[in-house]
Amino acid sequence: MSKHQGTFVEINLNSLQHNFNYIKSIISEKTKVLAVVKAYAYGAEPSKIASFLEKLNVDYFAVAYTSEAVKLRQVGIKKPILIFHPQPENLNAIIKHNLIPTLYCFKILEIFKEILSTKKNKNYPVHLKINTGLNRIGFNSKEISELIDSINKDNFIKIDGVYSHLSSSEDKLESDFTQKQISLFTKSVTKIMGEISYKPIVHLCNTSGIINFPEAHFDMVRCGIGLYGFSNKLTKNESLIPVVSLKSSISQIHFINKGDSIGYNRGHIAETNKKIGTIPLGHADGISRLYGNNNGFVFIKNKKAPIIGNVCMDMLMVDISKINCEEGDEVIIFNEKHSAEQLAESVGTISYELLTALSRRIERKFII
Ligand SMILES: *Cc1c(COP(=O)(O)O)cnc(C)c1O
């Protein structure tokens, strides 16, 4: 028996390659691809994913936080790594590991310049983040003159890239808003270019932006969820193949009588005699309690088995009354056929959340 009680995350690198090639096929040959490998590569384990993509000659990587980038350097990733949201206390590590910080406010700009000056570092590459409407992080367009003046005043910083992030690229009903973001971004870029004597990499689109707004690809696209095989709900794309599967097996089967209860707090009371299966997977593995009580489901022998009762920390129970199955049989929580997106939707969330919640204690197996 496996030490992980039969539950594992399977990552198909062929599908990753397929998705990478698909994304390349819908952008211009001149447009670079940045692969987003934040949040444990969307649950898929970042070092293998990044090494594989580096071999496919991806142009750039990005992560959210410095510690994620340091780990990639430690496993030998050589390509540029952009950090979306660095904090001031990580700027020394960023320089040490040759990482590219996003500068998004005057505070971090000034602190970074001070560090570069004490290290006598010149022309350090950064990307500038412009806030065009997401209102999360970034300089507002009105701050650009002051920003470029400050960068031009000395030569500590080189603007390697300028970017912004779309708030609703998956939502066709919000396309007017997206167009406004694109035009504000274009104006901001033009303003920056007018005040420096070299050309930074300009980038705006995430996965659904790549698919829905081909006119806004600029010099590079930032692809996250698309590489892992999903587009957003409203831009479902049959050409992408889900890379990550979650599989397990039935640990034990119980035959219970009408009126018996299942799980903590007697979450489910059997309305008829039932056959139930226990699966070694729980909320500590990333399957939230929200999936319990008939909301979520798994697949056994290609048949849908609803999760009954409350999801426990390490286990959950499913109703297999109508399925001809035995202890040890394979359980598919999601795979390329039974999509993670569908399961996520059953509790009102999105594939991103389900994938990134998968706990590190679940073994990752790679297939190619
Ligand atoms: C996470 C993230 C992305 C990737 O988005 P996907 O929808 O997964 O492609 C791109 N850009 C920024 C700034 C992000 O935070």
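With respect to Ser183, determine if the residue is among the polar types (S, T, N, Q), touching a strand residue (DSSP E or B) at 6+ places or on another chain (Cβ under 7 Å) and open to solvent by 40 Å² or more (accessible area, probe 1.4 Å). Lay out the reasoning, then the answer.
Numbers: among the polar types (S, T, N, Q): yes; touching a strand residue (DSSP E or B) at 6+ places or on another chain (Cβ under 7 Å): no; open to solvent by 40 Å² or more (accessible area, probe 1.4 Å): yes.
No, not satisfied.
Residues that are of a type outside the set (Val, Ile, Thr) and out of contact with any helix residue (DSSP H, G or I) (no Cβ under 6 Å at 6 or more places or on another chain): which helices (runs of 4 or more DSSP H) entirely in region 54-118 hold 3 or more of them? Give the steps one after another, and end with the answer.
On the way: elements: 66-74, 91-96, 106-118.
Those helices (runs of 4 or more DSSP H) span 66-74, 106-118.
So which residues in region 5-29 are open to solvent by 60 Å² or more (accessible area, probe 1.4 Å) and in a helix (DSSP H, G or I)?
Selection gives Asn14, Gln17, His18, Asn21, Lys24, Ser25.
Return the residue satisfying two criteria in turn: it lies in region 161-180 and is free of Cβ contacts under 8 Å to residues at least 60 places away in the same chain and assigned to a helix (DSSP H, G or I), and of such residues it is most open to solvent (accessible area, probe 1.4 Å).
Once the filter is applied, the top-ranked residue is Leu173.
Of the residues that sit in region 255-271 and are touching a residue at least 40 places away in the same chain (Cβ under 8 Å) and under 14 Å from Ser321 (Cβ atoms), which one is surrounded by the fewest Cβ atoms within 10 Å (Cβ to Cβ)?
Ile262
Would you check which residues across region 30-48 are within 15 Å of the ligand (Cβ to nearest atom) and part of a helix (DSSP H, G or I) and list them?
Of region 30-48, the ones within 15 Å of the ligand (Cβ to nearest atom) are 31-44, 46.
Passing the criteria: Lys38, Ala39, Tyr40, Ala41, Tyr42, Pro46.
Do you know which residues across region 131-160 are open to solvent by less than 20 Å² (accessible area, probe 1.4 Å) and in a helix (DSSP H, G or I)?
Ile144, Leu147, Ile148, Ser150, Ile151
Within region 339-348, identify whether any single residue is closer than 18 Å to Ser251 by Cβ and either out of contact with any Phe, Trp or Tyr (no Cβ under 7 Å at 6 or more places or on another chain) or free of Cβ contacts under 8 Å to residues at least 60 places away in the same chain (or both), and answer yes or no.
Applying the first criterion (closer than 18 Å to Ser251 by Cβ) to region 339-348 yields none.
No: zero hits.
Working only within region 194-205, note down all residues that are closer than 17 Å to Thr132 by Cα and either touching a helix residue (DSSP H, G or I) at 6+ places or on another chain (Cβ under 8 Å) or open to solvent by 30 Å² or more (accessible area, probe 1.4 Å) (or both). Please lay out each step first, then the result.
Taking region 194-205 and keeping what is closer than 17 Å to Thr132 by Cα, we get 202-205.
If the condition is that a residue be closer than 17 Å to Thr132 by Cα and either touching a helix residue (DSSP H, G or I) at 6+ places or on another chain (Cβ under 8 Å) or open to solvent by 30 Å² or more (accessible area, probe 1.4 Å) (or both), then Val202, Leu204, Cys205 are the ones that fit.
Only one of these is more than 16 Å from the ligand (Cβ to nearest atom) and crowded, with 19+ Cβ neighbours inside 10 Å: Leu99, Leu109, Leu128. Name it. Talk me through it step by step, then tell me what you get.
Working: Leu99 fails: more than 16 Å from the ligand (Cβ to nearest atom); Leu128 fails: more than 16 Å from the ligand (Cβ to nearest atom).
Result of the check over Leu99, Leu109, Leu128: Leu109.
Going by the conditions given, is Tyr60 at pLDDT 95 or above, surrounded by fewer than 16 Cβ atoms within 10 Å (Cβ to Cβ) and within 13 Å of the ligand (Cβ to nearest atom)? Give the steps one after another, and end with the answer.
Values: at pLDDT 95 or above: yes; surrounded by fewer than 16 Cβ atoms within 10 Å (Cβ to Cβ): no; within 13 Å of the ligand (Cβ to nearest atom): yes.
Against the criterion (at pLDDT 95 or above, surrounded by fewer than 16 Cβ atoms within 10 Å (Cβ to Cβ) and within 13 Å of the ligand (Cβ to nearest atom)), Tyr60 does not qualify.
Can you pull out every residue in region 278-325 that is assigned to a strand (DSSP E or B) and either open to solvent by less than 10 Å² (accessible area, probe 1.4 Å) or aromatic (Phe, Trp, Tyr) (or both)? Please lay out each step first, then the result.
Residues of region 278-325 that are assigned to a strand (DSSP E or B), as a first pass: 278-279, 297-300, 303-308, 316-319.
Listed by number, the residues that qualify are Ile279, Phe297, Val298, Phe299, Ile300, Ala305, Ile307, Ile308, Leu316, Val318.
Give the number of residues within region 210-246 that are more than 16 Å from the ligand (Cβ to nearest atom) and either surrounded by fewer than 19 Cβ atoms within 10 Å (Cβ to Cβ) or over 20 Å from the mean Cα position of the chain (by Cα) (or both). Write out each step before concluding.
Within region 210-246, the first condition is being more than 16 Å from the ligand (Cβ to nearest atom), and the residues that meet it are 215, 238, 245-246.
Restricting the remaining residues to those that are either surrounded by fewer than 19 Cβ atoms within 10 Å (Cβ to Cβ) or over 20 Å from the mean Cα position of the chain (by Cα) (or both) gives 215, 238.
Residues that pass the stated criteria total 2.
In region 273-298, which residues are of a type in the set (S, T, N, Q) and more than 21 Å from the chain's Cα centre (by Cα)? Don't jump to the end; show me each part of the working.
To start, the set of residues in region 273-298 that are of a type in the set (S, T, N, Q) comprises 273, 278, 288, 293-295.
Scanning region 273-298 gives Asn273, Thr278, Asn293, Asn294, Asn295.
The values are calculated or read from the model by the stated rules, or taken from the named source; none is laboratory data. The shown structure was predicted, so the numbers you read here are calculated from the model rather than taken from an experiment. Virtual Cβ from ideal backbone geometry, glycine too; neighbours counted across all protein chains shown. Just so you know, the surface numbers come from the protein's heavy atoms only, side chains and all, with ligands and any DNA or RNA stripped out. Shrake-Rupley method; radii C 1.70, N 1.55, O 1.52, S 1.80 Å.
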